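Here is the structure we will look at.
The values are calculated or read from the model by the stated rules, or taken from the named source; none is laboratory data. Keep in mind that what you see is a predicted model, and the values were worked out from it rather than measured. Here the Cβ positions follow ideal geometry from the backbone for every residue, glycine too, while neighbour counts run over all protein chains shown.
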Amino acid sequence: MISVCGSFQEKDLNVITMSRGEIQNQTIITANHVVISICSPCETLSSINTGSLDVLRLRFQDLDASESNQDVLFSKSEAERVVSFLRLWIEKVDMIIIHCGAGVSRSVGLAAALTKVIFGNDDEFFKKGVPNRLVYRIALETFMGSFLNESSNS
């Protein structure tokens, strides 16, 4: 688990990454939070019982580039789904939990891009995880042009 706390619109916001096992074993979290759940296309959906306000479910493989025409990679459309989801919740929550299978690549890539845009710093995720570079690059490009970047600079 990697946790980074910063200020977003004069409010503390914690961005946490977890593995599939950690999220499935997590008990109720009292802080207002949402979950972004990342699974591979062939995996069953994770059981999430944290008391979250909402869950966004994404399905893509942990690859930086396509190895075959069967691969399902993170794309701009998934990044846009994350932006739409966060538009609904970011001002209402104290915590954003992002999880994937091992909690060290896809979730860390997404969390690093998010904290880079809203807090101006992604160092912790690069120190403790191995962010999926494709997820990080596409998410960062998409987030930079979104309300997330505009709101953090106002």
Under 6 Å between Cβ atoms, at least 6 apart or on separate chains: pull out the pairs that start in the stretch 12-32 with a residue that is closer than 20 Å to residue 45 by Cα and end on any residue that is in a helix (DSSP H, G or I) and modelled with pLDDT of 90 or more. 17/107; 17/108; 17/111
Result of the Cβ filter at 6 Å on the stretch 97-119, keeping first residues that are under 15 Å from residue 78 (Cβ atoms) and free of Cβ contacts under 8 Å to residues at least 60 places away in the same chain and partners that are part of a helix (DSSP H, G or I) and aromatic (Phe, Trp, Tyr), at least 6 apart or interchain, is 109/136; 113/136; 113/143
Select the helices (runs of 4 or more DSSP H) contained entirely in the stretch 72-154, then report the ones holding at least 3 residues which are in contact with a strand residue (DSSP E or B) (Cβ under 8 Å, 6 or more places away or on another chain) and within 17 Å of residue 34 (Cα to Cα). 76-89, 106-118
Filtered residues of the stretch 30-47 (kept if within 14 Å of residue 96 (Cβ to Cβ), crowded, with 16+ Cβ neighbours inside 10 Å and out of contact with any His (no Cβ under 8 Å at 6 or more places or on another chain)): 33, 34
All but one of (1) over 23 Å from residue 141 (Cβ atoms); (2) in contact with a strand residue (DSSP E or B) (Cβ under 8 Å, 6 or more places away or on another chain) hold for residue 10; which doesn't? (2)
State whether one or more residues within the stretch 52-63 are more than 15 Å from the chain's Cα centre (by Cα) and surrounded by fewer than 18 Cβ atoms within 10 Å (Cβ to Cβ). yes
For residues that are part of a loop (DSSP other than H, G, I, E, B) and among the polar types (S, T, N, Q), scanning just the stretch 1-31, find the one that is modelled with the lowest pLDDT. 9
